[in-house]
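To start, the structure itself, in structure tokens.
The values are calculated or read from the model by the stated rules, or taken from the named source; none is laboratory data. Since we're looking at a predicted model, the values are computed, not measured. Here the Cβ is made from the backbone with ideal geometry for all residues, glycine too, and neighbour counts use every protein chain on show. Note: accessible area is taken over every heavy atom of the protein model, side chains too, but ligands, DNA and RNA are not part of it. Shrake-Rupley method; radii C 1.70, N 1.55, O 1.52, S 1.80 Å.
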Amino acid sequence: RRRLERQQAESLRALQRLSTLSTDADRSFDQQVQQMLRLGGEYLGVENGFLTRIDGETQRIVLSMATHSELQPGAECPLVEAYCKRTIETDQTYTVVDPSEGGWADDPAYDRLGLETYIGRRVEVDGELYETVCFADTNPEIDRLPTPSGRSSSW
């Protein structure tokens with residue numbers, strides 16, 4: 001019960017910080033997004049937060065608060081080599097907690113990036129897919145993920 005109360009309090013603080021960031025007129029849009037990526041990474045306990053643009057069959061990292069060398073701004077890869085290929089197929093948050101159990105062990109995205117934890121969500125503009133916002137880590141020991149391995153959720 002105390003653990004749940006602590007998590008609820010942390011969630012409320014994170015939402016309050018996100019709200020404050022999104023209305024901060026002294027920061028540019030990019031600065032707001034970078035701070036939100038940092039905050040989301042801290043909240044989830046992951047090292048990588050990034051915003052990608054999907055252009056046809058290519059994924060490009062637009063903004064990033066990441067330590068992973070392949071998740072830096074400007075990095076591109078074929079969509080088939082990105083976790084986002086499944087994120088864009090759902091209207092819900094897509095999570096991967098254990099790649100070997102979730103069907104990712106032989107996937108080109110796992111081979112390329114080695115991410116053991118991934119959380120991604122579509123970003124739409126005027127009802128059309130535009131970007132994805134993602135959080136990821138090479139560490140599989142994350143305790144704040146919303147669903148079991150490789151399943152989408154409404155988180």
Inset, instruction - Mind giving me the nanometre distance, one decimal, between the label points for D98 and R1, set 7 Å out from Cα along Cα→Cβ? - result: 3.1 nm
Legend entry - Probe 1.4 Å - accessible area at S69, Å² to nearest ten: 90 Å²
Inset, instruction - Any chance you could look up the accessible area of E81 with a 1.4 Å probe, heavy atoms only, rounded to 10 Å²? - result: 60 Å²
Legend entry - Accessible-area order (highest first, 1.4 angstrom probe) of the listed residues T67, T117: T67, T117
